[in-house]
1. Does segment 54-87 hold any residues that are within 16 Å of the chain's Cα centre (by Cα), of a type in the set (Val, Ile, Thr) and not in a helix (DSSP H, G or I), and which are they?
2. Could you grab me the full set of residues in segment 1-27 that are outside any strand (DSSP E or B) and either in contact with a strand residue (DSSP E or B) (Cβ under 9 Å, 6 or more places away or on another chain) or buried (at least 17 other Cβ atoms within 10 Å of the Cβ) (or both)?
3. Quick one: would you say SER118 is modelled with pLDDT of 95 or more, surrounded by fewer than 15 Cβ atoms within 10 Å (Cβ to Cβ) and more than 12 Å from the chain's Cα centre (by Cα)?
4. Could you tell me whether any residue of segment 32-41 is free of Cβ contacts under 8 Å to residues at least 24 places away in the same chain and under 10 Å from the mean Cα position of the chain (by Cα)?
5. Quick test for you: out of VAL30, VAL87, pick the one residue that is of a type in the set (Val, Ile, Thr), exposed (fewer than 15 other Cβ atoms within 10 Å of the Cβ) and touching a strand residue (DSSP E or B) at 6+ places or on another chain (Cβ under 9 Å).
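The values are calculated or read from the model by the stated rules, or taken from the named source; none is laboratory data. The structure presented is a predicted model; accordingly, all values stated were derived computationally and were not measured. Cβ atoms come from the backbone with ideal geometry, glycine included; neighbour counts cover every protein chain shown.
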Amino acid sequence: MRAGDFVFVAGMRGIDPATNQLVEGDEARVRRTFLNMALIAQAAGASLRDCARLVVYVTDMARLRPLANKVQAELWNGGPYPPRSIVAVTGLNEDDIFEVEGTFYAPLAVAPPGADGSPSDDLPAR
């Protein structure tokens, strides 16, 4: 969802887009979750580097936070990283283990005044 210059992506999980099934393995699922979020952001003109805020939900903090850190370091090429909250929850949709939401800054392109053929505010009308 876009709101002005921001793109909001929520409810991302480790579902393989080709099969519509959750991927197997904790690390693979965490990676797929971030990659799915990146695909949605990319479709709106943003990249992971444009992420302004992340919220990560995990069902097992001790097991999944290190994997989230590892995958994030790989996908963000060692940083800088967006601000992130990581929250332990008792359950997620379809008994999943990991979910992420992100806010991306992706400014809409603005045409210079008069580029569309309309009079510019700074040019006298004819």
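1. VAL55, VAL56, ILE86
2. Listed by number, the residues that qualify are MET1, ASP5, ARG13, GLY14, VAL23, ASP26.
3. Details: modelled with pLDDT of 95 or more: no; surrounded by fewer than 15 Cβ atoms within 10 Å (Cβ to Cβ): yes; more than 12 Å from the chain's Cα centre (by Cα): yes.
Taking the combined requirement at face value, the residue does not satisfy it.
4. yes
5. VAL87
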